[in-house]
Amino acid sequence: MKEDVEQLLINERPDAEFVGSLSAGQTFRVRRLSPSGKYAFGFAYGGANKTGWVLTSGLSTVRTGSAATWPPANSGCGENGPTMDSDRPTVGLASEELGLRDTGRVHVSLRGNQTAATAVTIAQIGGRRVGGTASGTYTCITPAAGVVSLPLNDYGRRLVRRHGELKVTLAFRLVNGSAVTNTVRRVGVVRPVR
């Protein structure tokens, strides 16, 4: 695969002949990375409008979609590292009740199907972000039940104080050790812990 400063070449497979290109400033939405991290698979917008593989080193010449905020595959999660598997990681809530502590953090009981890193967004029903992991950060999930503590922003805490609870959607952007990704959405209710 050849990399050009002015354009990013799109390939059907890593190291294959190119089937299209993106110019600087066009968008490529990353869906997953190769195990080595050298290539990214995703959808190329603009004139290409197709899925394919690109060199990750060339992503700086184009805009990447929101999937660029995925945690790293080599996250260090778990005692033996993240799960190496071709199956998509997933996560469930042990309870839809999410306890808001005096610290302003929400305790969420989770259980995953594998050890994986996850970036989490907590949003008010209707879309406005009210908390979750900070940009560029992540937390870990494992097959054993566990609790993660996620910050709720000022706006979210005010809504809980005003209404006594807040219905939210949690979006989990998961990645395992094989760089297989998945986005999972769950619904919960934030209530103060008394």
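The values are calculated or read from the model by the stated rules, or taken from the named source; none is laboratory data. For clarity, every value in this text was computed on a predicted model and none was experimentally measured. As a convention, Cβ positions derive from the backbone with ideal geometry for all residues, glycine included, and neighbour counts pool all protein chains shown.
What tally of residues in the stretch 142-194 results from selecting those that are on the phi > 0 side of the Ramachandran plot and in contact with a helix residue (DSSP H, G or I) (Cβ under 6 Å, 6 or more places away or on another chain)? Count: 0.
Here SER75 passes the criteria (1) at pLDDT 70 or above; (2) buried (at least 19 other Cβ atoms within 10 Å of the Cβ); (3) assigned to a loop (DSSP other than H, G, I, E, B) except the one numbered (1).
Listed by first and then second residue, the pairs with beta-carbon distance under 9 Å, at least 6 apart or on different chains, first residue in the stretch 126-145 and outside the structural domain of ALA116 (by TED's automatic domain parsing) and more than 16 Å from GLU79 (Cβ to Cβ), second at pLDDT below 85 and assigned to a loop (DSSP other than H, G, I, E, B), form an empty list. Among the residues of the stretch 13-49, just one is modelled with pLDDT of 80 or more and either of a type in the set (Lys, Arg) or in the same structural domain as ALA171 (by TED's automatic domain parsing) (or both), namely ARG13. With respect to (1) buried (at least 16 other Cβ atoms within 10 Å of the Cβ); (2) under 25 Å from VAL184 (Cβ atoms); (3) modelled with pLDDT of 75 or more, the lone exception for TRP70 is condition (3).
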